[in-house]
Amino acid sequence: MAVAGIDYAALFAATPSPYVVLGRDLVIVEVNQAYLDATRRTREDLVGKYIFDAFPDNPSDPDADGVRNLSASLHRVLATGEPDTMALQKYDIPIMGRPEAFEERWWSPINTPILGPDDTVVWIIHRVEDVTAFVQARGTGARPLDGKLTEREALEAELYARARELQRLNEELRQAHARERQVAVTLQEAMLQSPDLARHENVAVRYLPAAGSLNVCGDWYDLADLTDGRFSVAVGDVVGHGLEAAAVMGMLRSALNAAIRALERPAQALEVLGLYARSVDGALNTTAVEALVDPTSCLIVYSNAGHPPPVLVHTDGTCELLDRATDPPLGVRPLPVPRPQATATYTPGDSLVLYTDGLIERRGEDIYAGLARLTDTLSRISQLPPEHMADTLLARLGLAGGGPDDTALVIIQL
């Protein structure tokens, strides 16, 4: 909460720890005096410069890894929206006025994101502490005559060694997570293939994994052709992430596809899926919505198991939330009961939009604000064809490159 009367610009300038503010493009937008003192620079030397142009690696040090490590940390912050603490880092800096001359420096850095209203990273605060004197004292301090390290030197050496080992282990862990994420996303995308979907040119589908996160692979979409020209469309969201969520998603998606083909009633299909979910580890509390579209009667029949409501977008830009058949998520009731079902009529040219919560949910915001933002955006793009509408919708909601949660989206021009 802002406090009246405080000059935050003056507070930032006077902070004793060195701070740099970076834009998303890693260009320096502001520095405080402590940072200028630590690097022996002026604001004119730094503001407006790409940070790695201002501080390149020391070309005379073949082991220099400051640019690589700092760049990796900053990009993790951009991808995850979470702070990243780096291990003790040797990062020499150029000596002003002496081309190609560098000064040995050791730093303890922390990179912290500043989030905008849509939970995307707007700026990064790069805070460092210059520990050069501490590290150099360890190597140049007086030694006993027997050549053994003093107790302090031994402790400092151990702390430094442990910090570098922790950095190595963290990097290995991140690489292992990245490999698991890639396997899970590949499996997810393979399971989302649908032969029936390929026969509908008026349908656009999108699956966006969560950006820079393991929080992926619980969302799905599906389309099934039924009798008499009717077809069903569904989206769902499994609690959990990674390979486990991808496996559960695949089982539930297949079960719902089979149920709707056999029963051709969305409510009964979700009842069957709820029974099945109680027998699958990791499937409880899954949300899903199933809709049946009948082009002959221009009718949509739908049922919802705890999922955000589909939106029927009329050609005049008005939006109708299909929220009259909402029930709890799958498997939460100890005994099965009939699920509700409702209908809506449409005019040819209208669009039906189904999605998962990653499209509308934002940190610190209730779901109604997200729904209002979604319908307002859809009303402005109601005349676009499905593929163009999908791309425009994601771009305007700030999700073209993914968001904090994975997102499934289906748009059908009816």
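The values are calculated or read from the model by the stated rules, or taken from the named source; none is laboratory data. Please read all numbers here as calculations on a predicted model, not as lab measurements. Note: ideal-geometry Cβ built from the backbone for every residue, glycine included; neighbour counts use all protein chains shown. Accessible surface areas use protein heavy atoms only, side chains included; no ligands, DNA or RNA. Shrake-Rupley method; radii C 1.70, N 1.55, O 1.52, S 1.80 Å.
A few points about this structure:
- For segment 83-102, residues that are of a type outside the set (A, V, I, L, M), open to solvent by 50 Å² or more (accessible area, probe 1.4 Å) and either modelled with pLDDT of 90 or more or in contact with a helix residue (DSSP H, G or I) (Cβ under 8 Å, 6 or more places away or on another chain) (or both) total 2.
- Exactly one residue out of Ile28, Ile6, Ile51 is closer than 24 Å to Gly116 by Cβ, without any contact (Cβ under 8 Å) to a residue 12 or more places away in the chain and of a type in the set (A, V, I, L, M, F, W, C), and it is Ile6.
- Of all residues in segment 9-26, those being within 12 Å of His126 (Cβ to Cβ) and not in a loop (DSSP other than H, G, I, E, B) number 5.
- Restricting attention to segment 71-128 and to residues that are of a type in the set (Val, Ile, Thr) and part of a loop (DSSP other than H, G, I, E, B), the residue that is nearest to the chain's Cα centre (by Cα) turns out to be Thr120.
- Residue that is modelled with the lowest pLDDT, among those in segment 404-414 that are under 19 Å from the mean Cα position of the chain (by Cα) and either open to solvent by 10 Å² or more (accessible area, probe 1.4 Å) or closer than 20 Å to Asp350 by Cβ (or both): Pro404
- Subset of segment 350-382 (residues that are in a helix (DSSP H, G or I), open to solvent by 70 Å² or more (accessible area, probe 1.4 Å) and either under 19 Å from Val203 (Cα atoms) or touching a residue at least 40 places away in the same chain (Cβ under 8 Å) (or both)): Arg380
- Subset of segment 383-397 that is surrounded by fewer than 16 Cβ atoms within 10 Å (Cβ to Cβ) and assigned to a loop (DSSP other than H, G, I, E, B) - its residue that is farthest from the chain's Cα centre (by Cα): Gln383
- Condition check for Leu252: over 22 Å from the mean Cα position of the chain (by Cα), within 30 Å of Gly81 (Cβ to Cβ) and surrounded by 21 or more Cβ atoms within 10 Å (Cβ to Cβ): yes
- For the residues Pro338, Pro295, Pro334, the requirement of being out of contact with any strand residue (DSSP E or B) (no Cβ under 6 Å at 6 or more places or on another chain), within 19 Å of Ala204 (Cβ to Cβ) and exposed (fewer than 14 other Cβ atoms within 10 Å of the Cβ) singles out Pro295.
- Output for segment 101-139, where each listed residue is in contact (Cβ under 8 Å) with a residue 60 or more places away in the chain and of a type in the set (D, E, K, R): Asp118, Asp119, Arg127, Glu129, Asp130
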